[in-house]
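Read the structure below first, then the notes.
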Amino acid sequence: MPTLEVTIVKGEGLKACDLNGSSDPYVQVQLLQKKFKTKVVKKNLNPEWNEKFRMSVNDPAADLLQLRVYDHDRIGKDDKMGNVTLPLCMLPLNHAVTSKVKLRDTSKGFLYVRLRAMDFGWAMPMARQQQQQQQYGQPTTQ
């Protein structure tokens, strides 16, 4: 079965959501119905997580990885800090790809993510790959 290894490396320049000018960020990682969550990093706009998750992939050509950054609040609902959607179809097989991605639905902030496609067992047609690169940008290999 195709597997995706996701490492949430760090955040950079996240927006301040708390009155003290800081945030307590964490990342929710979702692929299909499966969700994971990083630990909360207290009072930090440049958090480092370095947390790794493994997820089963249903359709590597169509599945999208959802990453949502939140500010943890002890009282009330956690604040949304931004999100990003990453297609899996551009990933090279068995090579770690590290990307710095700009968060959407926010005025600032980046997320560093390392992805590794394992056992996908397919090659995406060039036209589809070019379409995905135009929509989501080109990842950098590390």
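List of remarks:
- Probe 1.4 Å, all protein chains present, accessible-area order of Ile75, Ile8, largest first: Ile75, Ile8
- Chain lengthening between Asn94 and Lys77 when straightened (0.36 nm per residue, less Cα-Cα): 2.3 nm
- The stretch 3-65 - percent of accessible surface contributed by carbon and sulfur, probe 1.4 Å: 46 percent
- Using equal-weight Cα scatterers in the Debye expression, the normalised intensity of the stretch 1-84 in log10 at q = 0.11, 0.13, 0.14, 0.18 Å⁻¹ is -0.32, -0.43, -0.49, -0.75.
- In the context of the full set of protein chains, the stretch 28-120 has a per residue accessible area of 55 Å² (1.4 Å probe).
The values are calculated or read from the model by the stated rules, or taken from the named source; none is laboratory data. Since we're looking at a predicted model, the values are computed, not measured. Calculation scope for accessible area: heavy atoms of the full protein, side chains included, ligands and nucleic acids excluded. Shrake-Rupley method; radii C 1.70, N 1.55, O 1.52, S 1.80 Å.
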